Amino acid sequence: MLYARNVFVVLFLLSVVLAGIDAASLRDKCKSDDVCKEFQYICDINGKLRKQLLKIKCVYGKCHCEKVK
């Protein structure tokens, strides 16, 4: 039983890592702001920490958080 639980935990962690790699690769290849909207939550988290309003935009093929004026 303990072995099955360990296998489950390892598979779960592996799926989380692979999902993160896939999301990062998508975030690094954008052609428009619409592609980046999926990752707006990253800017929201950073904005709360910096107490700023940030919006994600595609700049030179990569998604970046920019301060809203």
Given the criterion assigned to a strand (DSSP E or B), within 12 Å of the chain's Cα centre (by Cα) and either modelled with pLDDT of 65 or more or aliphatic (A, V, I, L, M) (or both), identify the matching residue among CYS63, CYS58. CYS63
Residue pairs meeting the criteria (Cβ under 6 Å; at least 6 apart or on separate chains; first surrounded by 11 or more Cβ atoms within 10 Å (Cβ to Cβ), in segment 49-69; second of a type in the set (S, T, N, Q) and in a loop (DSSP other than H, G, I, E, B)): CYS58/SER32; LYS67/GLN52
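Output yes when any residue across segment 7-25 is assigned to a helix (DSSP H, G or I), in contact with a strand residue (DSSP E or B) (Cβ under 9 Å, 6 or more places away or on another chain) and at pLDDT below 85, and no when none is.
Checking segment 7-25: not a single residue is assigned to a helix (DSSP H, G or I), in contact with a strand residue (DSSP E or B) (Cβ under 9 Å, 6 or more places away or on another chain) and at pLDDT below 85.
The values are calculated or read from the model by the stated rules, or taken from the named source; none is laboratory data. These figures come from a predicted structure and were not determined experimentally. Methodologically, a virtual Cβ is constructed for each residue, glycine included, from the backbone with ideal geometry; neighbour enumeration extends over all protein chains shown.
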